[in-house]
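Here's the structure we're looking at; comments come further down.
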Amino acid sequence: MATKKHRQELIKMHNHKYSRHYTTEGYYCFYCGDPAEGLDHVPPISMIDTMPYEKRKKDRIPAVTVACCSECNSALSSRRLSTVDDRLMFLESYYDAKFKKQNAMWSEEEISELGFSLQKTVRAKQEKLQRYIHKIRGIQRRHTMVETHPTFEEHPTEEESLKYASKTD
């Protein structure tokens, strides 16, 4: 994992390779649909220098930034997942594992039998479980909306810089 300083250097060197991917939903997490708090680089900025333009062009892998909530961005971190589809599949399994690990749904009747502070704790846990379900459903919905996924587009400035670099070698 890159240090903050190293990440800033990578962003300076490679951010021009990314285009912003917009959706009609507005500034909501591309993956789960929660309000977005930042941008996710796809493929990760830490991986872009090992993915030359020609390889991305051949494999049709767009370099884009998508709106992202902090929870999804944190879960993705700099995992070597180069496409939106890869990232969606990872996030679905990530939240599903979190849900299964904590899955202990209580009935309202069971909760009412508990003391006040324990009721509060159980209800908070129930809310968290509902959040995971919400995120999983949002991710599944996005996965089926392939028309909203970024597609590879020729990036003239990147292609021109490659041609220029090969002429000067």
Enumeration of residues in the range 67-92 that are assigned to a helix (DSSP H, G or I), aliphatic (A, V, I, L, M) and closer than 17 Å to Met51 by Cα: Val84
Flag for Ala67 being in contact with a helix residue (DSSP H, G or I) (Cβ under 6 Å, 6 or more places away or on another chain), among the small types (Gly, Ala, Ser) and under 23 Å from Ser93 (Cβ atoms): no
Subset of the range 132-147 (residues that are surrounded by 20 or more Cβ atoms within 10 Å (Cβ to Cβ) and of a type in the set (Lys, Arg)): Lys135, Arg142
Odd one out for Pro35 among (1) farther than 19 Å from Ile136 by Cα; (2) touching a strand residue (DSSP E or B) at 6+ places or on another chain (Cβ under 9 Å): (1)
Test for Thr151: is it farther than 20 Å from Ala75 by Cβ, of a type in the set (S, T, N, Q) and in a loop (DSSP other than H, G, I, E, B): yes
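Residues checked against (1) part of a helix (DSSP H, G or I); (2) touching a Leu at 6+ places or on another chain (Cβ under 9 Å):
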residue	(1), (2)
Asn15	yes, no
Tyr22	no, no
Asp49	yes, yes
Thr65	no, yes
Tyr94	yes, yes
Lys101	yes, no
Met105	no, yes
Within the range 52-63, tally of residues that are modelled with pLDDT of 85 or more and either part of a loop (DSSP other than H, G, I, E, B) or touching a Pro at 6+ places or on another chain (Cβ under 9 Å) (or both): 5
Selection from the range 15-56 of residues that are of a type in the set (Asp, Glu) and either over 17 Å from Asn73 (Cα atoms) or surrounded by fewer than 14 Cβ atoms within 10 Å (Cβ to Cβ) (or both): Glu25, Asp49, Glu54
Residues of the range 72-111 satisfying the condition of being charged (D, E, K, R) and either over 18 Å from Met47 (Cα atoms) or touching a residue at least 12 places away in the same chain (Cβ under 8 Å) (or both): Arg79, Arg80, Asp85, Arg87, Glu92, Asp96, Lys98, Lys100, Lys101, Glu108, Glu109, Glu110
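The values are calculated or read from the model by the stated rules, or taken from the named source; none is laboratory data. Quantities reported herein were computed from a predicted structural model and do not represent experimental measurements. Neighbour counts are summed over all protein chains in view; Cβ atoms, including those assigned to glycine, are modelled from backbone coordinates with ideal geometry.
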